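*Asks:* Attaching a single structure in structure tokens format; questions to follow.
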């Protein structure tokens, strides 16, 4: 395994009382233990696995290597030559927009693939059609200044 660093696309949040880590570039999400936060904090710059083993002396080197492999598999940690590292380089233009813009963009990138809402709530552009379906009223013919006349269907 070559040198590693934390992905720049990882965000943490709580859902149903559990800590989650999500890579918004890959859509990979995992439940996480709080100990993951300081581990990833130490991966702010590229480091070789041997150096990381020295940073965590309370764990065996084999355990650290297994954990790093699992984090890399989930996209939370990346290697210099990986496809994900290349994709993250392409996000450099977004840095001036701020994290919020990145999160909004990647959080809504699949929105157009979802089926439209089909509930009976009248929407701004379909209120007339919704009222026609709801009321099943006979059409009304109106002329300017004239009394409404019901037209037989």
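*Asks:* Take the conditions out of contact with any strand residue (DSSP E or B) (no Cβ under 8 Å at 6 or more places or on another chain), more than 17 Å from residue 85 (Cβ to Cβ) and touching a residue at least 40 places away in the same chain (Cβ under 8 Å) and apply them to residue 65. Does it pass?
*Replies:* Yes; evaluated as a whole, the condition is true for this residue.
*Asks:* For the stretch 68-75, does any single residue satisfy the condition of being surrounded by 11 or more Cβ atoms within 10 Å (Cβ to Cβ), at pLDDT below 85, within 19 Å of the chain's Cα centre (by Cα) and in a helix (DSSP H, G or I)?
*Replies:* No, the stretch 68-75 contains no residue that is surrounded by 11 or more Cβ atoms within 10 Å (Cβ to Cβ), at pLDDT below 85, within 19 Å of the chain's Cα centre (by Cα) and in a helix (DSSP H, G or I).
*Asks:* Taking the conditions exactly as written (exposed (fewer than 10 other Cβ atoms within 10 Å of the Cβ) and either touching a helix residue (DSSP H, G or I) at 6+ places or on another chain (Cβ under 8 Å) or modelled with pLDDT of 65 or more (or both)), does residue 119 satisfy them or not?
*Replies:* no
*Asks:* For the stretch 15-51: of the residues being at pLDDT below 85 and in contact with a helix residue (DSSP H, G or I) (Cβ under 7 Å, 6 or more places away or on another chain), which is farthest from residue 87 (Cα to Cα)?
*Replies:* Checked the stretch 15-51; the qualifying residue farthest from residue 87 (Cα to Cα) is 49.
*Asks:* In the set 29, 51, which member is over 10 Å from residue 76 (Cα atoms), free of Cβ contacts under 8 Å to residues at least 12 places away in the same chain and outside any loop (DSSP other than H, G, I, E, B)?
*Replies:* Going through 29, 51 in turn, just one is over 10 Å from residue 76 (Cα atoms), free of Cβ contacts under 8 Å to residues at least 12 places away in the same chain and outside any loop (DSSP other than H, G, I, E, B): 51.
*Asks:* Looking at (1) free of Cβ contacts under 8 Å to residues at least 12 places away in the same chain; (2) in a helix (DSSP H, G or I); (3) more than 23 Å from the chain's Cα centre (by Cα), which is the only condition residue 58 fails?
*Replies:* Residue 58 satisfies every listed condition except (2).
*Asks:* Also, quick follow-up: Just wondering, is there one or more residues in the stretch 105-115 that are at pLDDT below 90 and touching a helix residue (DSSP H, G or I) at 6+ places or on another chain (Cβ under 7 Å)?
*Replies:* Among the residues of the stretch 105-115, not one is at pLDDT below 90 and touching a helix residue (DSSP H, G or I) at 6+ places or on another chain (Cβ under 7 Å), which makes the answer no.
*Asks:* Out of 48, 10, I need the residue that is exposed (fewer than 15 other Cβ atoms within 10 Å of the Cβ) and within 29 Å of residue 90 (Cβ to Cβ). Which one? I'd like the intermediate steps shown before the answer.
*Replies:* On the way: 10 fails: exposed (fewer than 15 other Cβ atoms within 10 Å of the Cβ).
One residue alone meets the criteria, 48.
The values are calculated or read from the model by the stated rules, or taken from the named source; none is laboratory data. Everything quoted here is computed from the prediction, not taken from an experiment. A quick note on method: Cβ atoms are made from the backbone with ideal geometry, for glycine too, and the neighbour counts reach across all protein chains shown.
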